[in-house]
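S.K.: Handing you a structure now.
Just so it is clear, none of the values below were taken in a lab; they were calculated from the coordinates. Note that the structure is predicted; figures quoted are calculated from it, not measured. As a convention, Cβ positions derive from the backbone with ideal geometry for all residues, glycine included, and neighbour counts pool all protein chains shown.
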Amino acid sequence: MGDGTMNILRDSTLIAINDKVEQEIPVSEDDALYMLTTSDIMGLAAIAHKVKTKLHGNSVFYGVNMNLNYTNICILRCPLCAFSRNKDDNDAYLLTLEEIAQRIHNASDIDEVHIVGGLHPDLPFSYYEDMLTTIKSIRPSIHIVAFTAVEYDYLSKKFNIPLDELFQRLKHAGLGSIPGGGAEIFAPEVRETIAPKKISGQRWLEVMEVAHRNGIKTNATMLFNHIENAHHIVDHMKHVRTLQQKTGGFKTFVPLVFHEQHTGVRAKRKEPTGFDVVRLYATARIYLYNVPHIKALWMYLGEKLAQVLLQCGVDDIGATYYDEKVVHSAGAKTPAWGSEPFLQHLIRNAGFTPVRVNASYVTTA
Ligand code: SF4
């Protein structure tokens, strides 16, 4: 063990976890629970950083993209959501295809467009297909990462299109990959409170499995810092790890810190502590040995904490996210978008090499 990790490990359980990592033995759920509560975050971060370095060397990935939240009208109105509106609310909106086209024309430097929206009651299926083909016709090289598992489930049921066919049709229209939203926390007892009408965790996993079967890579998210406990977090990651063993279709795990402002959920914790966040990301890196990337979205966490996480197992700091609406509706205080030099500076300043990629980790500069 010549990497120096052993020099800072004092805790016998972390030493045993480090031994497993050295021998490439997946750590257990009990190990994950321990890591989520240890106060030895320096030792934990060192193990996670070793895993990250083995996978990606000194590289840290970032993207230059635009968010396209095509509508905030949603029939579900989940308690956790500050973004959604009813159709007759004053600030409800739906972008036309012409407005979407204009936004793509205006964002000349982006490599990728990230599309999510509410479950609109009236849109025809052609709106979704035409949205993708319109974007591709303007910028054929653009990578489209679009629609959460919740939206796919809705479209499949509403238009009576089996998921396999749905994915094939949208792939044909230009879909490149799928974001990991809607996962929240899989445990039913938590989901019932924060998103009672949303698809179950089991259904979310089924939708992802079908996407993977159709050759579409996806992310997996996890919403934390509301009413969940460490057992719920481990249970969530266990489901991701298990499906990944079967399909290999997850490229990135993305923990999302919950912001409660303007939502219907009263979180137990208003802000996560720095230790909580380090423990969570480092544990994810070590436990999810089979998921290639761990992303810390600077926009959710704040750029300072996201930068620190680059030493704690994180290899992806997110993207410029021009025109992001969802998390800022819930009170995130970071700027609505960061420039490319801003992200490069964060990464270089932490001692890493910035690598610009799209959502499939294809280098774009
Ligand atoms: S979280 Fe998604 S599904 Fe739930 S209300 Fe908001 S937009 Fe709709």
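S.K.: For the chain, what is the calculated [θ] at 222 nm in deg cm²/dmol (nearest 500), taking -39500 (n - 2.57) for each run of four or more DSSP H residues and dividing by its residue count?
M.R.: Computed mean residue ellipticity for the chain: -13000 deg cm²/dmol.
S.K.: Also, I was wondering about something else. Using a 4.7 Å Cβ cut-off, which Cys residues in the chain lack a partner cysteine?
M.R.: So far as the 4.7 Å Cβ criterion goes, Cys74, Cys312 stand without a partner in the chain.
S.K.: Further question: Distance cut-off 30 Å, Cα to Cα: go down the list Lys52/Lys197; Lys136/Lys304; Lys251/Lys304; Lys198/Lys295; Lys54/Lys238; Lys87/Lys304 and report the pairs above it.
M.R.: With Cα atoms farther than 30 Å apart: Lys52/Lys197; Lys136/Lys304; Lys87/Lys304.
S.K.: Could you work out which residue, out of Asn349, Asn67, Asn90, moves most in a Gaussian network model of the chain, that is, has the largest mean-square fluctuation with Cα springs under 10 Å?
M.R.: Result: Asn90 has the largest fluctuation of those listed.
S.K.: For segment 1-132, what does the alpha-carbon gyration tensor say about shape, rounded, prolate or oblate, given a ≥ b ≥ c as the root eigenvalues, a/c under 1.5 as rounded, and a/b over b/c as prolate?
M.R.: It is prolate, given that a/c is not under 1.5 and a/b is the larger ratio.
S.K.: Let me ask something else. Using alpha carbons only, how many angstrom separate the centre of segment 143-164 from the centre of segment 100-136?
M.R.: Result: 14 Å between the Cα centres.
S.K.: How tilted is helix 163-173 with respect to the longest principal axis of the chain? Cα atoms for both, answer in degrees (0 to 90, nearest 10).
M.R.: It works out to around 70 degrees.
S.K.: Over the chain, what is the relative contact order in percent, taking alpha-carbon pairs closer than 8 angstrom and at least six residues apart?
M.R.: The normalised contact order for the chain reaches 24 percent.
S.K.: Gain in length, Phe275 to Asp109, computed as 0.36 nm per residue apart minus the alpha-carbon separation, to one decimal in nm?
M.R.: Full extension of this stretch gives 56.1 nm more.
S.K.: Computed FRET efficiency, Cβ-Cβ of Arg356 and Ile75, R0 41 Å: what is it to the nearest 0.05?
M.R.: 0.65
S.K.: Same structure again: Using 1/(1 + (r/R0)^6) with R0 = 41 angstrom and r between the beta carbons of Gln245 and Phe159, what's the FRET efficiency to the nearest 0.05?
M.R.: Given R0 = 41 Å and the Cβ-Cβ separation, E is 0.80.
S.K.: Give the order of Leu36, Leu343 when sorted by the count of other beta carbons within 10 angstrom, beginning with the fewest.
M.R.: In order of increasing Cβ crowding within 10 Å: Leu36, Leu343.
S.K.: Amide H to amide H, which residues 5 or more places from Glu112 or on other chains are under 5 Å from it, using H placed in the peptide plane?
M.R.: Met66, His143
S.K.: Please tell me the relative contact order of segment 155-309 in percent, rounded to the nearest whole number, where contacts are Cα pairs under 8 Å and at least six residues apart.
M.R.: 22 percent
S.K.: Could I ask something else about it? Considering amide H positions built from the backbone, and no H for Pro or chain starts, which residues 5 or more places from Ile73, or on another chain, come under 5 Å of its amide H?
M.R.: Residues meeting the amide H criterion: Arg85, Tyr93, Gly118.
S.K.: Using only the Cα atoms of segment 58-356, build the gyration tensor, take square roots of its eigenvalues as a ≥ b ≥ c, and label the shape rounded, prolate or oblate: rounded if a/c is under 1.5, else prolate if a/b is larger than b/c, else oblate.
M.R.: rounded
S.K.: Taking the Cα centre as origin and putting +1 on Lys and Arg beta-carbons and -1 on Asp and Glu beta-carbons, what dipole magnitude results for the chain, to the nearest 20 debye?
M.R.: 100 debye
S.K.: Further question on the same structure: In whole Hz and in residue order, list the ³J(HN,Hα) couplings for segment 62-73 that follow from phi through the Karplus curve 6.51 cos²θ - 1.76 cosθ + 1.60, θ = phi - 60°; x for Gly and Pro.
M.R.: Per residue, the Karplus-derived 3J(HN,Hα) values read 8, x, 10, 9, 10, 8, 10, 9, 5, 8, 9, 7 Hz.
S.K.: Continuing with this model, one more query. Which order results if Asp164, Asp91 are arranged by neighbouring Cβ count within 10 Å, fewest first?
M.R.: Exposure proxy ranking, most exposed first: Asp91, Asp164.
S.K.: Also, I was wondering about something else. If you place +1 on the Cβ of every Lys and Arg and -1 on the Cβ of every Asp and Glu, how big does the dipole about the Cα centre of segment 176-328 come out, in debye to the nearest 20?
M.R.: Dipole of segment 176-328, to the nearest 20 debye: 240 debye.
S.K.: How would you classify segment 13-53 from its alpha-carbon gyration tensor, with a ≥ b ≥ c the square roots of the eigenvalues: rounded for a/c under 1.5, else prolate if a/b is greater than b/c, otherwise oblate?
M.R.: Oblate is the answer for segment 13-53, as a/c is 1.5 or above yet b/c matches or exceeds a/b.
S.K.: What is the order of Arg169, Arg285, fewest Cβ neighbours within 10 Å to most?
M.R.: Arranged by neighbour count, lowest to highest, Arg169, Arg285 become Arg169, Arg285.
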